[in-house]
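The structure appears right after this line, and notes come after that.
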2 protein chains.
Amino acid sequence: MKIRLSEGNGGEEMQSLIREMRAAIGAAGKWKNTDNDSANIQLGNEQLFFTTDSYIASPIFFPGGDIGKIAACGTINDLAVTGAEPLGLSLSFVFEEGFDKESLNRILGSIASVSRETGIPIATGDTKVMEKGKLDGLIINTAGVGTGKRALDEPIRAGDKIIVSGGIGEHSIALLSKRFEFETDLQTDSKPLIGEMRAIRGMIKQAKDLTRGGLSAALNEMAGRNSIGMIINEPDIPIKRQVSSASELLGLEPLELACEGRLACACKPENANDVLKALKKFDPDASIIGEATEGKGAILKTRIGTRILHNPRGSLVPRIC
Amino acid sequence: MKIRLSEGNGGEEMQSLIREMRAAIGAAGKWKNTDNDSANIQLGNEQLFFTTDSYIASPIFFPGGDIGKIAACGTINDLAVTGAEPLGLSLSFVFEEGFDKESLNRILGSIASVSRETGIPIATGDTKVMEKGKLDGLIINTAGVGTGKRALDEPIRAGDKIIVSGGIGEHSIALLSKRFEFETDLQTDSKPLIGEMRAIRGMIKQAKDLTRGGLSAALNEMAGRNSIGMIINEPDIPIKRQVSSASELLGLEPLELACEGRLACACKPENANDVLKALKKFDPDASIIGEATEGKGAILKTRIGTRILHNPRGSLVPRIC
């Protein structure tokens, strides 16, 4: 058996590979939520949170950002959505021999500006170099640590509302516009979600940032982890006209497009309006898109009927983040 | 300017690249020892330690170990030598499409066995896949977190003794024997050094694990960080006959060969014999190899005179860890 491209897609095949790998590695000791965006462990009176992600985006520069920006934001977001206040990031570069230092400086500048903007420092790092031809450009790994009073892992129950923080798919389309050289005024949605999470974390049960596999993968993962179903109202999903038209052009499912600065969260129905109001201060496109139900899996209610919101399968587009 | 292979060698060029990158990224907030094997920050009554490393070893299997074993041990060691008790590791894989799953299972088995042996769990992880031809095999990143009462950062002073925990260069020669297909009974020295560090951390001032750039890079870095000199007695450096003869054959400087399970440490002269005794329980080759002096840089005393122990320069051998 060989590793397939589809096993990096954020959807069903990847989740299955990760399950196999976790089984091979064995027990995670006192760490909890080890299948979530970040894991946590009791430390003194607090929870310590820990997460990691490697970034292989191609191209490395795209409208509104670059691989450095998504590497910094992505890991901050993995901490933030699980309830943590980030303490610091690590930064590990693997370069292809001959990688251009001017590009490196732009990438470092992006990371520095996320770090300054959020007040989250880079604590430690590493660099390696591979021979020319053995790696395409560079790979960045960021890990992150944070602290918090509790992990956001309260079970989601039927009737809880599902809210998304802004328009979906913009990162994918912005990056693909550079890869396939088509015109768009879209920019990556990449941004740190720590402000949003500080504003809502007291009012929600769980959150996930939308990355590979997009809204579909995130909602399916949330439903699966909580053994619940979901009904999502398609007309309530915020999506820019440019995203839907480019998706149609490229033959992609917009609900499966990666975002790098959007989250989905679940809260009790009585908190939904306050959560929405808080999120709208950051992005007017925030929207209540549906609710949790008894049962299993996510159902999409469209204008003309209902269909299953499948967990993404297949290769989608590789190297989007 | 382009990234050169020599900027990944563990010596002077790499240290210079890392200095440039750190300057571009800016302040590290309250993190301390950010230029050491792991950084630390006050958290409650304790220090939280954090480190990261990416592993690009080629070949991925070699006598006595594989890329998984060095990825787990290397990060445990970076925590251990700075005074931490490791709490958990993260594990991020980037695969080339088509990577063999049987090899993956062997690698995961190695990581699992280091995790079981040390009781240090894998807390969190990530997987990515790059298209065939865009990456040679796989890259593993491990980050690690740990806690401790204090960082091992007491300044080294003239007269302090320098001790090494075992024979040098065995990892490099074992790996190169597979790469260049020559016969040797050497195995990688890759191992977790947490037992050693638990035994000696109360008696020493500082420690470093020997990785890329070997003993020369580690001693030069230690001397530089502490603004001291060192006199090292060459005949006291433990080195297996097979390492010196293979080095001669390959035209390599044995003191610059990477190890993956050896440390150098500095302690007050009155503690040196106790530290040595403790280390010898793990490896009879442990040895007091010299002492700190006033001045700058490391001097090697050989049987016939003295020479400067240079910080490694140039490409050495790429992808050794």
(request) Tell me the distances, shortest first, between A:Gln42 and the same position across the other copies, using label points 7 Å along Cα→Cβ, in nm to one decimal. (result) 2.6
(request) Place the label 7 angstrom along Cα→C-beta at A:Asp274 and in each other copy, then list the distances from the first to the rest in nm, shortest first. (result) 5.7
(message) Mean-square fluctuation check for chain B, GNM, Cα pairs under 10 Å: which of B:Gly148, B:Gly98, B:Gly29 is largest?
(response) B:Gly29
(request) Give the residues of region B:206-246 whose amide nitrogen is closer than 14 Å to a point set 7 Å from the Cα of B:Lys268 in the direction of its Cβ. (result) B:206
(request) Determine which aspartates and glutamates satisfy two conditions relative to B:Lys280: a Cα distance under 14 Å, and not lying fewer than 8 residues away in the same chain. (result) B:Glu196
(request) In nm to one decimal, list the spacings between the B:Arg157 label point and its equivalents in the other copies, with label points set 7 Å along Cα to Cβ, shortest first. (result) 6.5
(message) 7 Å from Cα along Cα→Cβ at both B:Asp136 and B:Arg198: what's the point-to-point distance in nm?
(response) 3.8 nm
(request) For region A:161-309, report the accessible area per residue in Å² (1.4 Å probe, heavy atoms, rounded to an integer). (result) 41 Å²
(message) Probe radius 1.4 Å, ligands and nucleic acids ignored: give me the carbon and sulfur share of the accessible area of the protein assembly as shown as a rounded percent.
(response) 48 percent
(request) Report the charge-dipole magnitude of region B:14-173 in Debye, nearest 20, computed about the Cα centre from +1 at each Lys and Arg Cβ and -1 at each Asp and Glu Cβ. (result) 340 debye
(message) Under the rule of at least 5 residues apart or a separate chain, name every residue whose amide H is placed under 5 Å from the amide H of B:Gly166.
(response) B:Leu263, B:Ser287
(message) If I require 15 Å or longer along the helix axis, counting alpha carbons, and a Kyte-Doolittle average no lower than 0.5, what helices from chain B are left? Use full DSSP H segments.
(response) B:67-81
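Over every pair of different alpha-carbon atoms in the protein assembly as shown, take the mean of 1/r and invert it; report that Kirkwood radius in Å.
Result for the protein assembly as shown, one decimal place: 25.2 Å.
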(request) Just grab the label-to-label distance for A:Asp35 and A:Ile304, each label 7 Å out from Cα along the Cβ direction, in nm (one decimal). (result) 3.6 nm
(message) List the trypsin sites (Lys or Arg not before Pro) within region A:1-40 that DSSP assigns to loop and that have no more than 14 neighbouring Cβ atoms inside 10 Å.
(response) A:Lys30
(request) Name the residue, out of B:Ala223, B:Ala24, B:Ala174, whose mean-square fluctuation peaks in a Gaussian network model built on chain B with Cα pairs under 10 Å. (result) B:Ala24
(request) Treating each Cα of chain B as an identical point scatterer and ignoring solvent, apply the Debye formula and state log10 I(q)/I(0) at q = 0.09 Å⁻¹. (result) -0.44
(request) Keeping every protein chain in place, order A:His310, B:His171 by accessible area at 1.4 Å, biggest value first, i.e. largest first. (result) A:His310, B:His171
(request) Counting only DSSP beta bridges with both residues in region B:216-313, tell me the antiparallel percent, nearest 5. (result) 60 percent
(message) Using a Gaussian network model on chain A with a 10 Å cutoff between Cα atoms, which of A:Ile168, A:Ile67, A:Ile289 fluctuates the most?
(response) A:Ile289
(message) Between A:Asn233 and B:Gln42, what's the calculated FRET efficiency when r is the beta-carbon distance and R0 is 56 Å? Round to 0.05.
(response) 0.70
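Rounded to the nearest 20 Debye, what is the dipole magnitude of the protein assembly as shown about its Cα centre when Lys and Arg each give +1 and Asp and Glu each give -1 at the C-beta?
Details: 78 positive and 84 negative charges, 185 e Å.
Roughly 900 debye for the protein assembly as shown.
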(request) Sticking with the crude label model, points 7 Å out along Cα→Cβ, report the distance from B:Arg241 to B:Lys296 in nm, one decimal please. (result) 4.2 nm
(message) List the pairs from A:Lys205/A:Lys296; A:Lys30/B:Lys205; A:Lys191/B:Lys208 whose alpha-carbon separation is above 28 Å, in the order I gave them.
(response) A:Lys30/B:Lys205; A:Lys191/B:Lys208
(message) Taking the alpha-carbon distance from B:Lys128 and a cut-off under 16 Å, which lysines remain once sequence neighbours fewer than 8 residues away in the same chain are dropped?
(response) A:Lys2, B:Lys101
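The values are calculated or read from the model by the stated rules, or taken from the named source; none is laboratory data. The shown structure was predicted, so the numbers you read here are calculated from the model rather than taken from an experiment. Positions of Cβ are backbone-derived with ideal geometry, glycine not excepted, and every protein chain shown enters the neighbour counts. All accessible areas refer to the heavy atoms of the entire protein, side chains included, with ligands and DNA or RNA removed. Shrake-Rupley method; radii C 1.70, N 1.55, O 1.52, S 1.80 Å.
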